[in-house]
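Worksheet: one structure, shown below.
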Amino acid sequence: MRIRTFAAAVALTLIPAAGWSCPACMVGDSKTASTYLGMTLIMSALPLLLIGGLGYWFWRRQP
Amino acid sequence: MSSQSIFTEPRIALPAENSAKRVPNSVLGMIIFVATEIMFFAALMSAHTIAKATVLGGVWPPPGQPRLPVERTAINTAILLLSGILLWIGNRRMSTKRESALRYVAAAILCGIAFVSLQGVEWVALLREGLTMTSSNHGAFFYLIVGTHALHAIVAIVALTWVYLRMRGGKFVPSTFTATQVFWYFVVVLWPVIYLRVYL
């Protein structure tokens, strides 16, 4: 039984469409996916840009 | 070394070019604070963007919810941008034409007050039309994002007014003025982003 469950779980990972049933994602379409991807990229890059920008500004101002 | 000698030692004078490049503590503190605020608003906008994209039926604002006043807010946006420009001109004139600079700063404050007042009028109208924090995701995000920005605008106006009154009283502290300006420019520059994302 355990082996069957495990095999079924592995098989599910081979079907990405099944991932659309994620309750947090609400709607499983390409627009939603691209929105999530875009926001993830922005939220990941923004702190790096802020810290990098501040560092660059300090570097430019050093005596 | 006695404790007295510590206090009587002359301060080390930096060369003029170095001291000009030094960033005052108040300005640095404000820049770091604004950076954290940018992340805060980015999180709100991110949540709003995802809610908008994942709304069932793909209709935003949701059916039955009032539309936001795009045209009136465009005028309000122009008023806030004008406020930022006036403050920038006031800062440029501060070292040469103090009286004129003060007038520009006062005008910038008045534009800020006009912006917040018009926002208040808009809110009252929207509440009457049925858009509340609990009416829908649309209302919740609108009041959360726009309200948080308005709160920042009010704090910035109070700070600018305090700095202005001090300057009028002959107590001009350049670093305090610069730090307040940084905060006001943040409020001004952030608004068009909110307008584009929330209203359009």
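Read-outs: derived from the displayed coordinates by stated rules, not from any lab. The structure displayed is predicted, hence computed values, not measured ones. Heads up, the Cβs are rebuilt from the backbone with ideal geometry, glycines too, and the neighbour counts pull from every protein chain shown.
At 222 nm, what value in deg cm²/dmol follows for chain B if DSSP H runs of at least 4 each add -39500 (n - 2.57) and the sum is divided by all its residues, to the nearest 500?
Mean residue ellipticity at 222 nm (helix-derived): -26000 deg cm²/dmol.
Rounded to the nearest 10 degrees, the angle from helix B:25-53 to the longest Cα principal axis of chain B is 10 degrees. With a Förster radius of 30 Å applied to the beta-carbon distance between B:ILE75 and B:MET133, the computed FRET efficiency rounds to 0.75.
The relative contact order of the stretch B:90-200, computed from alpha carbon pairs under 8 Å that lie at least 6 residues apart in sequence, is 24 percent. 3J(HN,Hα) along the stretch B:103-113: 5, 5, 5, 4, 5, 4, 5, 4, 5, x, 5 Hz, from the Karplus curve 6.51 cos²θ - 1.76 cosθ + 1.60 with θ = phi - 60°, whole Hz, x for Gly and Pro. Label sites at B:GLU99 and A:ARG60, each approximated as a point 7 angstrom past Cα along Cα to Cβ, lie 3.7 nm apart. Axis of helix B:174-194 versus longest Cα principal axis of chain B: the two differ by about 20°, to the nearest ten degrees. When only the Cβ of Lys, Arg, Asp and Glu is charged (+1, +1, -1, -1), the dipole of the stretch B:86-200 relative to its Cα centre reaches about 620 debye.
Of all aspartates and glutamates in the structure, not one lies under 20 Å Cα to Cα from B:LYS21 without also being fewer than 8 positions from it along the same chain.
Per residue, the average separation of C-alpha pairs within less than 8 Å and at least 6 apart gives chain B a relative contact order of 29 percent. If you fit an axis through the alpha-carbon atoms of helix B:137-168 and take the longest principal axis of the Cα set of chain B, what angle between them do you get, 0 to 90°, nearest 10? Approximately 30 degrees, to the nearest 10. Spin-label pair B:ARG67-B:ALA140: with each label point 7 Å from Cα along the Cα-Cβ axis, the two points sit 2.5 nm from one another.
Only Lys, Arg, Asp and Glu count, each charged at its Cβ (+1, +1, -1, -1), so figure out the dipole size of the protein assembly as shown about its Cα centre, rounded to 20 debye. Write out the running numbers ahead of the final one.
Numbers: 21 positive and 8 negative charges, 107 e Å.
Its charge dipole is roughly 520 debye.
Placing R0 at 51 angstrom, the Cβ-Cβ distance between B:SER175 and B:ALA51 gives a FRET efficiency of 0.80 after rounding to 0.05.
Computed across chain B, the Kirkwood hydrodynamic radius from all distinct Cα-Cα pairs reaches 19.3 Å.
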